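Here's the structure, in structure tokens; my notes come after.
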Amino acid sequence: MKAIKAITLSLGDLDKPVISKYQFGLILHNIYSKKVYKGEPINLQKDSGEGTDFNKYLNLLLDEGVLSPHKNLSNIFTLLGRSGGDPEDIACTVDPFCYVSHLSAMSYHGLTERMPSKLFISSPSVNAWRTFAKEKMRKDLKEDFDKYCENGLPKLVRTKMRKINKTEIHCVNSKHLGAYKNVKGRPLRVSTMGRTFLDMLRNPELCGGINNVLDVFNEYGKKHLRLITDDIDKNGSPIDKIRAGYILNEYLGIDNNKVINDWSSLAQRGGSRKLDPSSEYIAEWSDKWKLSLNVFRSNG
């Protein structure tokens, strides 16, 4: 079997809507190192592919229309015969460390009827992303990592995603490592239910605004109480717990929950602790939670 045929068949085996240069480099590396595709020998003399081989086969497949450059994303390619794919699936393929979050995650979980005009995703900070990328490459390539890099094959690098097809992308680069779940049968990753509620407290402006957040807590807070308190208690900062405590305790009237009641010990006067971190401070307080209630509330 010729190498070009093995590469083309390997591309057909992918269950992803797009492919990056790094993913193409992995395919090329595996074909050169194994010289076999599903039991059939591949006609290759060299033991490892190099940058020149990568460019040759990539250009061949581009010329034949098997691959096409993605119209929005640099160094990303669509595959012949594949549907364009949903923006969220493409985003999670292009960035292996991102996940759908904020208003987009709320919509996925059925927490809001607001249809986000943008796709909200979360991804690690620049330095953390580079660390994760190197770790992933070492895991993918194992003992061949050094040889792969020395041969000039493409590394896993971050692709800027401002727009995917017609959908604008809003990426939150957070120091907080997210909790997400993988969606079966898709490359999609979505923040867990508990983390979605925590994100609402941290960035209500990315979740339809504080009034939408309060509406969601009002409708679904008791239903998902254990998931909410578990995530916030483990991963939330003191101010996250104060905001959650106020909403769950005073706004929803939950007064017999030990975890929530314990959070009240974190309340303290002074500073500018606000229910809505994205809005101005006002001098209306919760005496118990020592929190500025800087939002017009209409419970019920």
Practice task
Determine, yes or no, whether residue 112 is among the hydroxyl-bearing types (Ser, Thr, Tyr) and in a helix (DSSP H, G or I).
Solution key: no
Practice task
Working only within the range 245-285, note down all residues that are modelled with pLDDT under 90 and outside any loop (DSSP other than H, G, I, E, B).
Solution key: 285
Handout entry: Tally, over the range 239-272, of residues that are polar (S, T, N, Q) and either more than 10 Å from residue 289 (Cα to Cα) or not assigned by TED's automatic domain parsing to the domain that holds residue 217 (or both)
Key = 4
Practice task
Would you confirm whether any residue within the range 224-238 is of a type in the set (Ser, Thr, Tyr), outside the structural domain of residue 118 (by TED's automatic domain parsing), outside any helix (DSSP H, G or I) and closer than 23 Å to residue 179 by Cβ?
Solution key: yes
Handout entry: Residue satisfying all of: in the range 115-131; hydrophobic (A, V, I, L, M, F, W, C) and outside any helix (DSSP H, G or I); surrounded by the most Cβ atoms within 10 Å (Cβ to Cβ) among these
Key = 121
Problem - Subset of the range 79-100 (residues that are more than 15 Å from residue 187 (Cα to Cα) and within 23 Å of the chain's Cα centre (by Cα)) - result: 79
Exercise for the section: Starting from residues that are aliphatic (A, V, I, L, M) and over 18 Å from the mean Cα position of the chain (by Cα), keep the ones in the range 106-152 and report whichever is farthest from residue 208 (Cα to Cα). Expected result: 141
Practice task
Could you tell me whether any residue of the range 274-281 is free of Cβ contacts under 8 Å to residues at least 12 places away in the same chain, basic (Lys, Arg) and over 21 Å from residue 100 (Cα atoms)?
Solution key: no
Practice task
Could you tell me which residue of the range 165-183 is nearest to residue 89 (Cα to Cα), considering only residues that are in contact with a strand residue (DSSP E or B) (Cβ under 8 Å, 6 or more places away or on another chain), of a type outside the set (D, E, K, R) and surrounded by fewer than 15 Cβ atoms within 10 Å (Cβ to Cβ)?
Solution key: 182
Completion exercise
Just one listed residue, out of 138, 189, 162, is closer than 22 Å to residue 23 by Cβ, of a type in the set (Lys, Arg), touching a strand residue (DSSP E or B) at 6+ places or on another chain (Cβ under 7 Å) and loosely packed, with under 15 Cβ neighbours inside 10 Å, and it is 162
Practice task
Give 71, 46, 16 a once-over and let me know the one that is closer than 18 Å to residue 140 by Cα and outside any helix (DSSP H, G or I).
Solution key: 16
Completion exercise
Of 40, 64, the only residue that is of a type outside the set (Lys, Arg) and free of Cβ contacts under 8 Å to residues at least 24 places away in the same chain is 64
Practice task
From (1) part of a loop (DSSP other than H, G, I, E, B); (2) in contact with a helix residue (DSSP H, G or I) (Cβ under 8 Å, 6 or more places away or on another chain), pick out the condition that doesn't hold for residue 58.
Solution key: (1)
Practice task
State whether the residues of the range 177-188 include one that is part of a loop (DSSP other than H, G, I, E, B), without any contact (Cβ under 8 Å) to a residue 12 or more places away in the chain and small (Gly, Ala, Ser).
Solution key: yes
Handout entry: Cross-chain or 6+ apart pairs with Cβ under 8 Å, the range 102-129 first and at positive phi and among the hydroxyl-bearing types (Ser, Thr, Tyr), then surrounded by 16 or more Cβ atoms within 10 Å (Cβ to Cβ) and assigned to a loop (DSSP other than H, G, I, E, B)
Key = none
Problem - Answer from 22, 37, 57 - the residue that is surrounded by 12 or more Cβ atoms within 10 Å (Cβ to Cβ), of a type in the set (Phe, Trp, Tyr) and over 32 Å from the mean Cα position of the chain (by Cα) - result: 37
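The values are calculated or read from the model by the stated rules, or taken from the named source; none is laboratory data. These numbers come from a predicted model, not from an experiment. Positions of Cβ are backbone-derived with ideal geometry, glycine not excepted, and every protein chain shown enters the neighbour counts.
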